[in-house]
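Single-structure report; data block below.
The values are calculated or read from the model by the stated rules, or taken from the named source; none is laboratory data. Note that this is a predicted model, so its numbers are computed, not measured. Cβ coordinates were reconstructed from backbone atoms using ideal geometry, including for glycine residues, and neighbour counts include every protein chain displayed. SASA here: full protein model, heavy atoms, side chains in, ligands and nucleic acids out. Shrake-Rupley method; radii C 1.70, N 1.55, O 1.52, S 1.80 Å.
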Amino acid sequence: MADKMEFRAEVNKMLDIVINSLYSEKQIFLRELISNASDACDKLKYLALTNQDLMKGVGQLKITLIPNADNNTLQIKDNGIGMNRDDLINHLGTIAKSGTADFVNNAKDNGSSMELIGQFGVGFYSAFMVAQKVEILTRKAGEDQAWKWVSNGVDGFEISEAEKAENGTEITLFLKADEKQYTDTIYLRQIVRLYSDHISYPIVMDLGKNGEETINTGSALWTRPKAEITQEQYKEFYHHVSKNFDDPWMTLHFKAEGNLEYTGLVFIPSTQPYDLFQPDRKNGLKLYVNRVFISDKVEELLPNYLRFVKGIIDSSDLPLNISREMLQQNPLVAKIRTGTVSRILKELKKRSENYDDYMKFWQAFGTAFKEGIYEDFSNREEIASLSRFYSTKGEDKLVSLDEYIERMPTGQKAIYYITGDDVKVLGNNPQLEAFKNKGLEVLLLVDPIDEFWTQVLTKYKDKDIKHISMAEEDFAPDRSQAIKAKDADLQKLTDIMAKTLNGEVAKVATTEKLTNSPVCLAVEDGQMSLHLERLMRNHQQQTAFASLKVLELNPYHPLIVKLSELAAADQADARITEMTKMLYDQALIAEGEAIRNPSFFAERLGAYMLNSLN
């Protein structure tokens, strides 16, 4: 008796995306099913390391294609780990991964961009592009009961008990009437050699009366000499190991020899996965020991800031029975990690010499990569040298710290930066006026991680790295023709303004750093920046992180001079109070902060504009 079940709502949406608009080439479905079969063989091989009984009667692990032109079917078989009833429901009846709804929304928002699909292992659903019905007969290794799964991709699916002599999975595609080419053995050979030649298990074509033929090379790609591997083969292996559909931006194939021997084949994608910053994202490389699959996404092989790197590591020095706990503590794994990171950073340094090419990497992964300045003590300065930043002299090109230092005028004492949310807003911050006046370049840091790495990397190549509020330069411009408010008058004005803004700012003071603006906002020494406060407030949804703000006045600005004269004449009427609130709102806006009373600001601004026309 078959159990009839419905697909989850998100699977129905996914099927619609996959079948109708996701894949530009339908033949991709075969690559996806072969890749899944290869993974099933990997898993059985690994489990058999500790339970040899699982391999009894299995023979050679392989993948078999059985085309049948008379029935218009194509069968993909493997003798890997197989599935039980729960596996079928969890893997094929639902997309049992976090972020499914996000994925569907992103696929919709990005025009069903196929770069997204690999994140959730839903390649199986591509079978419905060419099949009107799919049947799966499977038996999990170590279990006696086999199961049958049937679906037309529309009306849910049925699961029933079945019989199968061996473990493994048989997927039978009942092809649509106009997809008969997938029973053509010549065409199938072409597809396999194009997309799946790197699969390390034999892919066998059943030729009926003419026997069988192995149609792939059947050796692990990373074990072959680089000179014998084409870029197309590297690309298809990247697709296999990453489940992505873009082309790799960087391919790094290396072999470490000496006291510790291991081979690596790693890739940097060309597009950013949408879940790059999701905390539950699974990262890491695949680990093999002597070409035996050990574990998927081993996080210990790469630091978190390189979580976008895909690929494999194969070591001959690690034990085959290495456990998760051993991976976390094994010194050989730590050495492999150190060596792999070093090679990736060296390759990035080479690629960074081409600005336009490097920007493809930086725009996709720079924000995550900069986390390494904060996290990776041993490589901190090298990661910083590979990082790129907006600056007040960037001219639409991001700059490196080395380029910044080369441009520093004689006498400049430090590398200066300011943090915020938006480059354009930040570039017009009043606090930059004195720096621009002196011709000093300032880095415009707009990523959240910038608030943290600048606290641990305080020097770069003997140059201090400082927030502009900590600058020690002489910023005083030529004020010979300027009129400055009298000190006594300024004292009265700052007292009035501080009283008006009581609870909003810690104090009101004057500064020599402003040239064009009447006011700006700063914080007391030792306090977190306004940008960091904003980040913390948005994250924690509480006000415990409030910094002590300082409203700084430009004593040479005509408006401040006039207000100080009013204060000195004891004309502290509503005009000063009202103007103080307006100036504070203006300072908040310049910092990217929200103002408390937008209607008041808009109303008074309109009134001032009207008065200026009279």
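Are there any helices (runs of 4 or more DSSP H) wholly within region 390-486 with 2 or more residues that are without any contact (Cβ under 8 Å) to a residue 24 or more places away in the chain and open to solvent by 20 Å² or more (accessible area, probe 1.4 Å), and if so which? Here the list reads 401-407. Note on region 566-576: residues that are loosely packed, with under 15 Cβ neighbours inside 10 Å and assigned to a helix (DSSP H, G or I) total 2.
Provide a single number: the residues in region 230-263 that are closer than 23 Å to residue 342 by Cβ and either in contact with a Phe, Trp or Tyr (Cβ under 8 Å, 6 or more places away or on another chain) or not acidic (Asp, Glu) (or both). Can you show your working first?
Taking region 230-263 and keeping what is closer than 23 Å to residue 342 by Cβ, we get 234, 237-238, 241-242, 248-263.
Filter once more, so that each one left must be either in contact with a Phe, Trp or Tyr (Cβ under 8 Å, 6 or more places away or on another chain) or not acidic (Asp, Glu) (or both): 234, 237-238, 241-242, 248-256, 258-260, 262-263.
Qualifying residue count, region 230-263: 19.
Considering region 278-302 alone, what residues qualify as being part of a loop (DSSP other than H, G, I, E, B), surrounded by fewer than 19 Cβ atoms within 10 Å (Cβ to Cβ) and not acidic (Asp, Glu)? Write out each step before concluding.
To start, the set of residues in region 278-302 that are part of a loop (DSSP other than H, G, I, E, B) comprises 278-284, 290-291, 302.
This time we only want the ones that are surrounded by fewer than 19 Cβ atoms within 10 Å (Cβ to Cβ), so: 278-283, 290-291.
Within region 278-302, 278, 279, 281, 282, 283, 290, 291 qualify.
The conditions of being under 16 Å from residue 202 (Cβ atoms) and either open to solvent by 30 Å² or more (accessible area, probe 1.4 Å) or part of a loop (DSSP other than H, G, I, E, B) (or both) are not met by residue 26. If you go through region 163-178 and keep only what is of a type in the set (A, V, I, L, M, F, W, C), closer than 30 Å to residue 51 by Cα and surrounded by 15 or more Cβ atoms within 10 Å (Cβ to Cβ), you end up with just 171. Applying a threshold of 8 Å to beta carbon distances and a minimum spacing of six or more residues, or different chains, the list of pairs starting in region 265-283 at a residue that is under 12 Å from residue 310 (Cβ atoms) and ending at one that is β-branched (Val, Ile, Thr) and in a loop (DSSP other than H, G, I, E, B) reads 266/309; 267/309; 268/309. The residue pairs whose first member lies in region 43-69 and is closer than 19 Å to residue 295 by Cα, whose second member is open to solvent by 80 Å² or more (accessible area, probe 1.4 Å), and whose beta carbons are closer than 7 Å, counting only pairs six or more residues apart or on different chains, are 49/321; 50/321.
Of the listed requirements (1) loosely packed, with under 13 Cβ neighbours inside 10 Å; (2) over 18 Å from residue 247 (Cα atoms); (3) within 27 Å of the chain's Cα centre (by Cα), residue 356 misses just one: (2). Only one entry of 357, 396 meets the criterion of being acidic (Asp, Glu) and at pLDDT 90 or above, and that entry is 357. For the list (1) in contact with a helix residue (DSSP H, G or I) (Cβ under 8 Å, 6 or more places away or on another chain); (2) in contact (Cβ under 8 Å) with a residue 24 or more places away in the chain; (3) charged (D, E, K, R), I need the number of the one condition that residue 206 fails. That leaves (1) as the condition not met.
Hey, can you tell me all the residues within region 123-154 that are of a type in the set (Gly, Ala, Ser), more than 19 Å from residue 178 (Cα to Cα) and either open to solvent by less than 10 Å² (accessible area, probe 1.4 Å) or part of a helix (DSSP H, G or I) (or both)? Walk me through how you get there before you give the answer.
Taking region 123-154 and keeping what is of a type in the set (Gly, Ala, Ser), we get 123, 126-127, 131, 141-142, 146, 151, 153.
Cutting the leftovers down to more than 19 Å from residue 178 (Cα to Cα) gives us 123, 141-142, 146, 151.
123, 146, 151 - these are the residues of region 123-154 that are of a type in the set (Gly, Ala, Ser), more than 19 Å from residue 178 (Cα to Cα) and either open to solvent by less than 10 Å² (accessible area, probe 1.4 Å) or part of a helix (DSSP H, G or I) (or both).
Among the residues in region 252-261, are any closer than 24 Å to residue 358 by Cα and aromatic (Phe, Trp, Tyr)? For region 252-261, residues closer than 24 Å to residue 358 by Cα and aromatic (Phe, Trp, Tyr): present.
In region 32-53, which residues are part of a helix (DSSP H, G or I), among the hydrophobic types (A, V, I, L, M, F, W, C) and crowded, with 18+ Cβ neighbours inside 10 Å? Don't jump to the end; show me each part of the working.
Start the filter on region 32-53 by keeping residues that are part of a helix (DSSP H, G or I), which leaves 32-47, 52-53.
Subset that is among the hydrophobic types (A, V, I, L, M, F, W, C): 33-34, 37, 40-41, 44, 47.
Across region 32-53, the qualifying residues are 33, 34, 37, 40, 41, 44.
What residue, of 54, 61, 74, is in contact with a strand residue (DSSP E or B) (Cβ under 9 Å, 6 or more places away or on another chain) and over 14 Å from residue 200 (Cα atoms)? Step by step, each of 54, 61, 74 is checked, and only 74 is in contact with a strand residue (DSSP E or B) (Cβ under 9 Å, 6 or more places away or on another chain) and over 14 Å from residue 200 (Cα atoms).
Among the residues of region 316-344, those that are among the hydrophobic types (A, V, I, L, M, F, W, C), outside any loop (DSSP other than H, G, I, E, B) and surrounded by 18 or more Cβ atoms within 10 Å (Cβ to Cβ) comprise 327, 333, 336, 341, 344.
May I ask you to list the residues in region 582-614 that are touching an Asp or Glu at 6+ places or on another chain (Cβ under 9 Å) and open to solvent by 80 Å² or more (accessible area, probe 1.4 Å)? The one that is touching an Asp or Glu at 6+ places or on another chain (Cβ under 9 Å) and open to solvent by 80 Å² or more (accessible area, probe 1.4 Å): 596.
Return the residues of region 364-389 that are open to solvent by less than 20 Å² (accessible area, probe 1.4 Å) and not in a helix (DSSP H, G or I); say none if nothing qualifies.
Hits for region 364-389 are 370, 387, 389.
Against the test of being touching a residue at least 40 places away in the same chain (Cβ under 8 Å) and charged (D, E, K, R), the options 235, 176, 226, 164 yield a single qualifying residue, 176.
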